[in-house]
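The next block holds one structure in the form of structure tokens; read it before the comments.
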Amino acid sequence: MASSTATPTRPTTGRAALPVRRTRLFALPEIRWAAAALVLFLLGLMAQLSGAPSWSWWGLYLACYVSGGWEPGLAGLQALRDKTLDVDLLMVVAAIGAAAIGQVMDGGLLIVIFATSGALEALATARTEDSVRGLLDLTPDTATRLAPDGDEQTVKAEELKIGEVILIRPGDRIAADGAVVGGASEVDQATITGEPLPVDKTVGDEVFAGTLNGTGALRVRVDRRSEDSVVARIAGLVEQASETKAKTQLFIEKVEQRYSIAMVVATLAVFLIPLSFGAALQDSLLRAMTFMIVASPCAVVLATMPPLLAAIANAGRHGVLVKSAVVMEQLGTTTRVAFDKTGTLTRGIPELADIRVLPGTRFTEEQILRLAAAAEHPSEHPLAAAIVRAARHRGLGLPATDEFTAQPGRGVSALIEGHFIHVGSPAELLRPGTTAAAAATTAAAAVEALQTRGRTAVVVLCEHTPIAVLGITDQVRREAAATIAAVAELTGAAPVMLTGDNLVTATQLAGQVGITDVRAGLLPDDKVAAVRDLEADGERVSVVGDGINDAPALAAAHTGIAMGGAGSDLTLQTADAVVVRDDLTTIPTVIALSRRARRVVVANLIIAATFITVLVIWDLVGHLPLPLGVAGHEGSTVIVGLNGLRLLRSATWQRVRTPAPRDRP
């Protein structure tokens, strides 16, 4: 628990900051065109409702068509060139058809919906790319290379070769994956392993590029090139998973190809067949346009979107940001949930949990805590902060400290009220020859007992004799156990823990919250492999995490859920949903809400399909008047829209907070 006055301030929660260069909102052309279409539509609607001349609001609506429809229309034509017919082109044609028979406002609304959807997708893609670039910025651009004669040379990190030795000064980020060949320090490697506390590093220990060195200096032998480092592999995994992750599409997108072709063919048939038998051109065109309106999937689109958007809004009011309607649909299909440990089930903040006073010590528990806290008070180490917080929580005053020294990787020492106090790592302070053999054996037994319980052990010496062993642990979230139970009941499957922490610590915490399937010691690519294994067994996995090391697994999972409080930018951008207030209980609730929304979608689709079927048959068999066809089409749209908006009510969120047992989709 070393200290250094020159060390820059760093987080004590085990979460390293991630620099991100964000794409500006209106730098994306899709955003600009969608915003223009929305503004023009609203202006046209106001002009129409205010009784302005028809040419004015017609002009505004047509301008909306152009600004919001040219891009999906162009994309549809390009797809048509590749012999595919997508729903974007169909929507543009339907909007033009609506305008052709006087329903210009309906067509404008359809254009705005599709332009906005495309803009949001483009924004999400850009932000994910920004975060991946920010991840790569964790690795410094330059490194200090040590020549065989000891000279220091500043070189680009990408030029480092395997076998070269680099110098890592206090507070620096490590420039390459490698092994320590000299020096000692503590390293915050939460970005890679997710461990909540800095890890002491001495000769022979492995270090990773992008992790943050503490208060000591290290000499590191380079073992991997920059493009092969773990942090570079994390960025690659995120990009690969984002590109290859099968997108669960909304209903209309799943059937768009067949429906689009069938509708175009049917519309042409309705127009050409009567015309070939001598029907008037105007009558044939009117019947075909009526058919296109009543058969267009507007009601189907609105049957799907309003319930999902209403559920998104409801979840947002209760602290869960669901990024799209597709994500809200996917959440409801979850059959297994995998949780990260540090920062997700725990808070990532160390706390003093045990004080083991050793036999023969003349000090009481409170006296030992008071002396240890006084010795640690000048230190910047997170474990030191936990000891000081514990002393202050008990109302203990800290005596003055003299002759304070810090030794990276070993601990701190100070003269306090005439006692020489040393607080630090058991591996260093209990080495043979550093203290009496009997006292060292007793202390080592206490250390082993605490470590078996998943604690981080810290030894306190007085006059070079062990007097106590302190056990420090991560704070478990109070709602963690209730959340695990609710998730298990909802999905009918026990949740999984995926963590980079050691097995002993992970298993001990898992027992507290009710998880039996623990997979520990995982690097980011190991977490991805674990998710793939679960999905290979037919599971649809939702992964919950907060650290940079969780991002690849979140990207690879069926759905990724990030904890928003301490979540890294990469994780927040990669995730499909974000728990903004860090309330774990909202996770089973939002899954249950998604399932309710899916049921509403099914009901809406039945309503919309019934209206479309009746109106189409009427138009084909008899003679459906255009006003009645428009009224029926718009009526079905209003009905399904209002039905979906029921999910906006806060009562809906409260109703799904206690999910029914095992509601697997």
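Yes or no: ARG370 surrounded by fewer than 16 Cβ atoms within 10 Å (Cβ to Cβ) and either closer than 24 Å to LEU218 by Cα or not aliphatic (A, V, I, L, M) (or both)?
Numbers: surrounded by fewer than 16 Cβ atoms within 10 Å (Cβ to Cβ): no; either closer than 24 Å to LEU218 by Cα or not aliphatic (A, V, I, L, M) (or both): yes.
Considered against the rule, which asks whether it is surrounded by fewer than 16 Cβ atoms within 10 Å (Cβ to Cβ) and either closer than 24 Å to LEU218 by Cα or not aliphatic (A, V, I, L, M) (or both), ARG370 comes out as no.
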| field | Hey, VAL322 assigned by TED's automatic domain parsing to the domain that holds MET305, among the hydrophobic types (A, V, I, L, M, F, W, C) and in contact with a Lys or Arg (Cβ under 8 Å, 6 or more places away or on another chain) or not | value | no
| Taking into account only those residues within the stretch 76-88 that are within 33 Å of the chain's Cα centre (by Cα) and either acidic (Asp, Glu) or at pLDDT 75 or above (or both), which is surrounded by the fewest Cβ atoms within 10 Å (Cβ to Cβ)? | ASP86
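Hey, which of the strands (runs of 3 or more DSSP E) in the stretch 273-377, taking only ones fully inside, have at least 1 residues that are under 30 Å from ALA449 (Cβ atoms)? Don't jump to the end; show me each part of the working.
Values: elements: 320-322, 336-339, 346-357.
Where strands (runs of 3 or more DSSP E) fall fully within the stretch 273-377 and carry at least 1 residues being under 30 Å from ALA449 (Cβ atoms), they are 336-339, 346-357.
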| task | Kindly indicate whether SER425 is within 22 Å of THR364 (Cβ to Cβ), surrounded by 18 or more Cβ atoms within 10 Å (Cβ to Cβ) and among the hydroxyl-bearing types (Ser, Thr, Tyr). | result | no
| query | Considering the stretch 526-559 alone, what residues qualify as being in contact with a Ser or Thr (Cβ under 6 Å, 6 or more places away or on another chain) and without any contact (Cβ under 8 Å) to a residue 24 or more places away in the chain? | reply | LEU554
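In this structure, does GLY150 turn out to be farther than 30 Å from GLN573 by Cα, at pLDDT below 85 and not in a strand (DSSP E or B)? Walk me through it before giving the result.
Details: farther than 30 Å from GLN573 by Cα: yes; at pLDDT below 85: yes; not in a strand (DSSP E or B): yes.
In short, yes.
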| request: Answer with yes or no whether ASP533 is at pLDDT below 90 and either acidic (Asp, Glu) or over 11 Å from the mean Cα position of the chain (by Cα) (or both). | output: no
| task | Quick one: VAL469 ticks every box in (1) closer than 24 Å to GLN367 by Cα; (2) surrounded by fewer than 22 Cβ atoms within 10 Å (Cβ to Cβ) except a single one, so which number is it? | result | (2)
| Based on what the data block shows, is PRO359 outside the structural domain of GLU535 (by TED's automatic domain parsing) and in contact with a Phe, Trp or Tyr (Cβ under 6 Å, 6 or more places away or on another chain)? | no
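Tell me the residue from PHE291, PHE277 that is modelled with pLDDT of 75 or more, more than 20 Å from ARG599 (Cβ to Cβ) and buried (at least 23 other Cβ atoms within 10 Å of the Cβ), please.
Values: PHE277 fails: buried (at least 23 other Cβ atoms within 10 Å of the Cβ).
Going through PHE291, PHE277 in turn, just one is modelled with pLDDT of 75 or more, more than 20 Å from ARG599 (Cβ to Cβ) and buried (at least 23 other Cβ atoms within 10 Å of the Cβ): PHE291.
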| task | Looking only at the stretch 379-407, count how many residues are crowded, with 16+ Cβ neighbours inside 10 Å and under 13 Å from HIS422 (Cα atoms). | result | 6
| query | Of VAL357, VAL388, which residue is more than 30 Å from PRO170 (Cα to Cα), of a type in the set (Val, Ile, Thr) and at pLDDT 85 or above? | reply | VAL357
| query | Is at least one residue of the stretch 648-663 under 31 Å from the mean Cα position of the chain (by Cα), surrounded by 15 or more Cβ atoms within 10 Å (Cβ to Cβ), of a type outside the set (D, E, K, R) and at pLDDT below 70? | reply | yes
| field | Cross-chain or 6+ apart pairs with Cβ under 8 Å, the stretch 133-147 first and acidic (Asp, Glu), then at pLDDT 85 or above | value | ASP141/LYS156
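Please specify each residue of the stretch 201-258 satisfying the condition of being farther than 30 Å from ARG598 by Cα, outside any loop (DSSP other than H, G, I, E, B), at pLDDT below 80 and over 20 Å from the mean Cα position of the chain (by Cα). Can you show your working first?
As a first pass, look at the stretch 201-258 and keep what is farther than 30 Å from ARG598 by Cα: 201-237.
Checking the rest, the ones that are also outside any loop (DSSP other than H, G, I, E, B) come to 201, 206-207, 212-213, 218-222, 226-228, 230-237.
Next, only the ones that are at pLDDT below 80 stay: 226-228, 230-237.
Within the stretch 201-258, SER226, GLU227, ASP228 meet the criteria.
Is it fair to say VAL327 is of a type in the set (A, V, I, L, M), surrounded by 24 or more Cβ atoms within 10 Å (Cβ to Cβ) and assigned by TED's automatic domain parsing to the domain that holds VAL504? Write out each step before concluding.
Numbers: of a type in the set (A, V, I, L, M): yes; surrounded by 24 or more Cβ atoms within 10 Å (Cβ to Cβ): no; assigned by TED's automatic domain parsing to the domain that holds VAL504: yes.
The answer is no for VAL327.
The values are calculated or read from the model by the stated rules, or taken from the named source; none is laboratory data. Because the structure is a prediction, the values reported are computed rather than measured. We place every Cβ from the backbone using ideal geometry, glycine too, and count neighbours over all the protein chains shown.
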